[in-house]
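The values are calculated or read from the model by the stated rules, or taken from the named source; none is laboratory data. In this text, all values refer to a predicted model and were calculated from it rather than measured experimentally. For neighbour counting, all protein chains shown are included, and Cβ atoms are generated from backbone atoms with ideal geometry for every residue, glycine included. All accessible areas refer to the heavy atoms of the entire protein, side chains included, with ligands and DNA or RNA removed. Shrake-Rupley method; radii C 1.70, N 1.55, O 1.52, S 1.80 Å.
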Amino acid sequence: MGEVIVITSGKGGVGKTTTTANIGTGLAKLGKKVVLVDTDIGLRNLDVVLGLENRIVYNVVDVVEGNCKLKQALIKDKRYEGLCLLPAAQTRDKSAVTPEQMAEVAKELKEEFDYVIMDSPAGIEQGFKNAIAGADRGIIVTTPEVSAVRDADRIIGLLEANEMQDVRLVVNRLRTDMVERGDMMSAEDVVEVLGIKLIGVVPDDEQIVVATNNGEPLAGDESLAGQAYINICHRIMGEEVPYLDLRKKKGFFAKLFGKN
Amino acid sequence: MSFGDFFKRKSSGETAKDRLKLVLVSDRSACSPEIMERIKNDIIEVLSKYVEIDSEGLDIKITQSEGEGPEDKSGPALFANIPIRNIRQRN
């Protein structure tokens, strides 16, 4: 029996879908059976971030409406053994699925998979309620900005009200150069303000844009972000992994001239 | 930022953290503006029995206390600034 993990944030644009894609890919690379569920009905994006947009036949709404079997709607990622996507519908809206139906789908999936990862839409309305309905634990994604952290706090409150015990934090798009000169909150600052435990810190890395352009998540590759994601996957699996030094390595000339 | 500012001004990261802490205290307290308004009116009503207060100038807010309590714990606190117009005893 697997576990259902919801990835959510409150605020849009902080990197939920990218985080979901990379955690899914990373866990699959570590040998786990993983299914990623896009719960953002009407605004699906997990398919393009994963590079699976051309292979969608059925979606989660088809499953709950009985147009297909759950297995038929799952897209197997041929690049990573054990990774599947259950896409959202693009031409419907959030009310097409109820929280009870989504919880039922998640329950069925966790019999087959080690991890069922629900990619939540932004906001706190129906789509969010669907995403958290069947979840055993939560991962909150935030960036070190006041707006994103404030929304994350609201989400933490809502998850607590839903009696979710295990909620952890990913601080995304951290810029160590700005933290060092005092112009960005550090991951420690964000943790102090929100009062929940960290599960990962992901640096602001150009390679993420490149990876999304190509539809190829970078978890586990040699980039700093890729390393940060694979570490998150190890921590999800309950392993203790030290946090990376995210400071960019300065080249010889940059050191000489004091440039970043 | 000028050279003088360097010494007196907080970094924007610290400002962000301080502002967040304040806004989260009121977000978490579930005190909507309507409830705050009702608290304010009740305070005016009670105090008016004893002193004449400037109800226009009255200001209440929920913020983080500085931790002066016995356990030195900082928690949410209601701060009220209540200007008194006339402290003379009535009658």
Boolean, A:VAL64 is of a type in the set (Val, Ile, Thr), out of contact with any Lys or Arg (no Cβ under 8 Å at 6 or more places or on another chain), open to solvent by 80 Å² or more (accessible area, probe 1.4 Å) and over 23 Å from A:VAL210 (Cβ atoms) | no
A:GLU160 versus (1) within 12 Å of chain B (Cβ to nearest Cβ); (2) over 23 Å from A:ILE117 (Cβ atoms): which is the lone unmet condition?
-> (2)
Hits in the stretch A:107-131 (condition: away from chain B (no Cβ under 14 Å), part of a loop (DSSP other than H, G, I, E, B) and under 22 Å from A:SER95 (Cβ atoms)) | A:SER120, A:PRO121, A:ALA122, A:GLY123, A:GLU125
List, please: which pairs have Cβ atoms under 7 Å, are six or more places apart or on different chains, and start with a residue in the stretch A:164-183 that is within 11 Å of chain B (Cβ to nearest Cβ) and end with one that is assigned to a strand (DSSP E or B) and modelled with pLDDT of 95 or more?
-> none
So is A:LEU43 over 18 Å from A:ASN214 (Cβ atoms) and hydrophobic (A, V, I, L, M, F, W, C) or not?
-> yes
Go through the stretch A:132-153 and give me each residue that's within 14 Å of another protein chain (Cβ to nearest Cβ), open to solvent by less than 30 Å² (accessible area, probe 1.4 Å) and part of a helix (DSSP H, G or I).
-> A:ALA148, A:VAL149, A:ALA152, A:ASP153
Subset of the stretch A:26-58 (residues that are more than 25 Å from A:GLN165 (Cα to Cα) and of a type in the set (Ser, Thr, Tyr)) | A:TYR58
Tell me, please, whether a residue that is within 11 Å of another protein chain (Cβ to nearest Cβ), at pLDDT below 85 and either open to solvent by less than 80 Å² (accessible area, probe 1.4 Å) or not in a helix (DSSP H, G or I) (or both) can be found in the stretch B:4-19.
-> yes
Selection within the stretch A:115-127 - farther than 15 Å from A:GLU100 by Cβ and crowded, with 23+ Cβ neighbours inside 10 Å | A:TYR115, A:VAL116, A:ILE117, A:ASP119, A:SER120, A:PRO121
Does the stretch A:154-171 contain any residue that is modelled with pLDDT of 95 or more, buried (at least 19 other Cβ atoms within 10 Å of the Cβ) and part of a loop (DSSP other than H, G, I, E, B)?
-> no
Regarding A:LEU43, is this residue in contact (Cβ under 8 Å) with a residue 24 or more places away in the chain and in contact with a Ser or Thr (Cβ under 8 Å, 6 or more places away or on another chain)?
-> no
For A:LYS32, indicate whether it is free of Cβ contacts under 8 Å to residues at least 24 places away in the same chain and in a loop (DSSP other than H, G, I, E, B).
-> no
Residue check: is A:GLU192 open to solvent by 80 Å² or more (accessible area, probe 1.4 Å) and within 11 Å of chain B (Cβ to nearest Cβ)?
-> yes
